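Colleague: Can you read through this structure? Questions will come right after.
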Amino acid sequence: MTRDPRYDILFEPMKIGPVTAKNRFYQVPHCTGSGWLRPRTLAGLREVKAEGGWGVVCTEYCSVHPSSDDLPYVSASLWDKGDIKAHGLMTEKVHAHGALAGVELCIGGARMPNLATREVALGVVSQPNTERNPFQTRAMDKEDIRETRRWHRNAALRAKEAGFDIVYVYATHDYLLSQFLSKTINTRTDEYGGSVENRVRLIREIIEDTKEAVGDTMAVAVRFSAETNGGGAGDGNLMPGETREMFEILGELPDLWDINISDYSYEMGLSRYVQEGSLEPYISYIKSITSKPVVSVGRFTSPDTMASQIKRGIVDFIGAARPSIADPFLPRKIEEGRPEDIRECIGCNICYTGDGKGVPVRCTQNPTMSEEWRRGWHPEKIDVRGSEAKILVVGAGPAGLECARALGQRGYRTMLAEATRELGGRVLREAKLPGLAEWGRVRDYRIQQIEKMSNVEVFRESKLTAEDVLEIGADHIVLATGSSWRADGYGNANRTGIASLGPQAQIFTPDDIMSGRLPTGPTIIFDDEHYYMGTVIAELVRAKGLPVTLVTPSDVVSEWGGYTYDRWRAKTQLLKLGVTLITAHNLMSCDGNKASISCEYSGQVQEIECQSIVLVTARIPKDALYQAILGKIDTGIENAPKSIKRIGDCEAPAIIASAVYSGHKYARELDANIDRDNPLKHDRVYFEE
């Protein structure tokens, strides 16, 4: 297959100062949850991006000094020779595939509390930590400014020694340099405060320092916000404020501009609220100010959208974080003329939980993410089958589909049986909920790949009994029969359920809602799951015109959704729709007219008018078929299968990413020699001074 000539522009080499990128695909700096803690895991993750065709592959934000320590968020660091050696693991692997390696140097300011190092954070003024830690910064004096410039310059020199080709000056996302830019925060009265020219002074000096130190061989990039002075990211009110003046001062100094906006929840917005290419209205004016190349993001998955932005002069490089995680081989698939094989990002932001939790990044679409080094998994390659075994997979939800796809890729004879007519399981149902349509890509990609495989047979409307399963005579049986939502109130807040839900109350679960059975009258959504389902159901029911109250035992709405940016956008959306939100309250009872809820702190009880309740609590694995098959095998039947295994929600209900991972892991490990005591490599690297 050959590349579609419409996309030739994406593969043009691009000069960035003293270096040249082989194409316009640019993996911008993004967090991985590995950073300095797991250098080999990190190197493996970045290597596969370079192998997949990205012309530039960057680190996550990289601390220049112990006074910029962000634990428990795991950043990169360039403090010493050990860090140089750790980064060298990455740059060597990136260069081996012809890509440039970039590093984003970061000075923390009021955003980093230095909990691990206990260094006093430096700030443009003395201000509270923006992450609500009970610490304030020290207002920087002239000596602090000189020291900061020196730290950044030395880190740039260490970056050069580590083999990087591009070094960043990071001036957005509320870190120190962006705080100097702010007319609101920067109230200094010296030459670093007041006028626009004064507020950009430190950034200008650091750009010049960096160019002088490494600019002969390394490109100097600046990450900057298109609306530094705030104003409506995502609400349609484009307010660049003084940013244009800042660009006019700085525009020709660096070798590249990496442009975003300050609002993370829009820049990396969920597909539930933000569509592909959404930053274009904010960044479209940048190239009219500078002659230097510009890169920006937009959760790009369509090569048509990518080519359009370049042809229309919006950007010079297609920036990506999430799409490069979902499919590290996205550029190569376009180049090889097979864009239909791209695992498109679904915009669920499960990748971002790695940053918030301080764990290796994961992906719903790409189960191999962060497993490249520690498990030896590759997103496109997989070991050939280890035997002539025949496998039966029961259930075509996300776990079953991925299991069958990966088994088929390995060459196994695989049968996939689904009880219903439609494939997709929970993904099919959830993709019909408000804002979740793109989640259907999880299903679509896997069905498309399976349809190409002659060794994988799909049987629809095949509801099997234990006798049916055993009669098929498969060597290995995999149960991916999913789970169902509980209707008894059992969950985190009610470990024995809610027994006092009277017979007059109309009780619903998310399964009911997704099946079209809807509440009547005033409705309570009781959210004890704390992720997206409660807020999505509330939005759907409210759209039917019913009064809706969302009650949660948590102190905040969509507590776990804070790790994916569901929380803020969802709460805003529900308030706009007129949904009443009650936090820190547990559901006690309902008689069909009123519900009683109690405060989690005081125990005080209040009543709410309520005819219907939707319980979003816990799920029950649908493993009856698994148990029945085990029962048959235990009786000592002839020709029993070699193995029987549960995967996905049938084994342990969790997020969709876990279901996909479970199916993939089973397929990888079938007939493989796995050390059950040490199934993955432990990433610990010690460096001598």
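Colleague: Only bridges with both residues in segment 486-619 count here: give the DSSP antiparallel percent, nearest 5. Mind showing how you got there, number by number?
Modeller: Working: 10 of 26 bridges.
The antiparallel fraction comes to roughly 40 percent.
Colleague: Measuring from label point to label point, each 7 Å out along Cα→Cβ, what is the Leu630 to Ser462 span in nm?
Modeller: 2.4 nm
Colleague: Let me ask you something else. Expressed in nm to one decimal, what extension gain is obtained for the pair Lys381 and Tyr264 from 0.36 nm per residue of sequence separation less their Cα-Cα distance? Working shown, then result.
Modeller: Numbers: separation 117, 0.36 × 117 = 42.12 nm, distance 3.36 nm.
Full extension from Lys381 to Tyr264 adds 38.8 nm.
Colleague: Related question: Given H placed on each backbone N at 1.01 Å, which residues far from Leu464 in sequence or on other chains put an amide H within less than 5 Å of it?
Modeller: Those qualifying (amide H under 5 Å, at least 5 residues apart or on another chain) number zero.
Colleague: Here is a follow-up. Return one number: the angle in degrees, 0 to 90 and rounded to the nearest 10, between the long axis of the Cα atoms of helix 533-543 and the longest principal axis of the Cα atoms of the chain.
Modeller: 80 degrees
Colleague: Which value, in debye to the nearest 20, gives the size of the charge dipole of segment 5-357 about its Cα centre, when Lys and Arg are +1 and Asp and Glu are -1 at the Cβ?
Modeller: Numbers: 42 positive and 49 negative charges, 92 e Å.
That gives segment 5-357 a dipole magnitude of about 440 debye.
Colleague: Which value, in debye to the nearest 20, describes the size of the charge dipole of the chain about its Cα centre when Lys and Arg Cβ atoms bear +1, Asp and Glu Cβ atoms bear -1, and nothing else is charged? Working shown, then result.
Modeller: Numbers: 83 positive and 94 negative charges, 119 e Å.
That gives a dipole near 560 debye.
Colleague: Only bridges with both residues in segment 5-357 count here: give the DSSP antiparallel percent, nearest 5.
Modeller: Values: 4 of 39 bridges.
Rounded to the nearest five, the antiparallel share is 10 percent.
Colleague: Dipole of the chain (Lys/Arg Cβ +1, Asp/Glu Cβ -1, origin at the Cα centre): which of Pro72, Gly562, Leu122 lies farthest to the positive side?
Modeller: Gly562
Colleague: Counting only DSSP beta bridges with both residues in the chain, what percent are antiparallel, rounded to the nearest 5? Write out the running numbers ahead of the final one.
Modeller: On the way: 17 of 85 bridges.
Here the share of antiparallel DSSP bridges comes out near 20 percent.
Colleague: So, by mean Cβ neighbours within 10 angstrom, what's the order for 262-270, 31-39 with the highest one leading? Don't skip to the answer; put the middle values down first.
Modeller: Values: 262-270: 20.6, 31-39: 23.7.
Most protected by this proxy first, the peptides run 31-39, 262-270.
Colleague: Shifting gears a bit: Dipole of segment 1-88, Cα-centred, from +1 at each Lys and Arg C-beta and -1 at each Asp and Glu C-beta, to the nearest 20 debye?
Modeller: Details: 11 positive and 10 negative charges, 54 e Å.
Rounded to the nearest 20 debye, it is 260 debye.
Colleague: Rounded to the nearest 0.05, what FRET efficiency is calculated for Glu191 and Ala640 with R0 set to 60 Å and r the Cβ-Cβ distance? Please report the intermediate quantities before stating the final value.
Modeller: Details: r = 81 Å, r/R0 = 1.35.
Using R0 = 60 Å, I get an efficiency of 0.15.
Colleague: Show that you can apply the helix-only estimate: for the chain, add -39,500 (n - 2.57) for every DSSP H stretch of four or more residues, divide by all residues, and state [θ] at 222 nm to the nearest 500.
Modeller: Numbers: 22 runs with 202 residues, N = 689.
Helix-only estimate at 222 nm: -8500 deg cm²/dmol.
Colleague: Highest mean first, what order results for 102-114, 599-611, 582-594, 358-370 on Cβ atoms within 10 Å? All intermediate terms of the calculation are to be shown ahead of the outcome.
Modeller: Values: 102-114: 26.9, 599-611: 13.8, 582-594: 18.5, 358-370: 23.9.
Ranked by mean Cβ neighbours within 10 Å, highest first: 102-114, 358-370, 582-594, 599-611.
Colleague: If Lys and Arg each add +1 and Asp and Glu each add -1, what is the summed charge of the other residues whose beta carbon sits under 12 Å from the beta carbon of Lys292? Don't jump to the answer; show the numbers that get you there.
Modeller: Values: positive: Lys15, Lys287; negative: Glu252, Asp255, Asp258, Asp316.
Residues near Lys292 contribute -2 overall.
Colleague: Give me the net charge of Asp355's neighbourhood, meaning all other residues with Cβ under 11 Å from the Cβ of Asp355; Lys, Arg count +1, Asp, Glu -1. It would help to have the intermediate numbers written out before the result.
Modeller: Values: positive: Lys357; negative: Glu60, Asp70.
Cβ neighbours under 11 Å give a net charge of -1.
Colleague: What spacing in nm lies between the two simple spin-label points modelled at Lys576 and Glu12, each 7 Å away from Cα in the Cβ direction?
Modeller: Placing both labels 7 Å beyond Cα along the Cβ direction yields 3.7 nm.
Colleague: Is the C-alpha gyration tensor of segment 486-619 telling us rounded, prolate or oblate? Criteria: a/c under 1.5 is rounded; beyond that, a/b larger than b/c is prolate, otherwise oblate.
Modeller: On the way: a/c = 1.37, a/b = 1.13, b/c = 1.21.
Cα axes put segment 486-619 in the rounded bin.
Colleague: Also: Just grab the label-to-label distance for Ser515 and Glu92, each label 7 Å out from Cα along the Cβ direction, in nm (one decimal).
Modeller: 5.8 nm
Colleague: Next question. Assuming R0 = 25 Å, what is the FRET efficiency of Ala139 and Leu115, from their Cβ-Cβ distance, to the nearest 0.05? Show your work: numbers first, answer last.
Modeller: On the way: r = 21 Å, r/R0 = 0.83.
Approximately 0.75, to the nearest 0.05.
The numbers here are math on the coordinates, done by the rules we state, and not lab data. What you are looking at is a predicted structure, and each value in this text was computed from that prediction instead of being measured. Cβ atoms come from the backbone with ideal geometry, glycine included; neighbour counts cover every protein chain shown.
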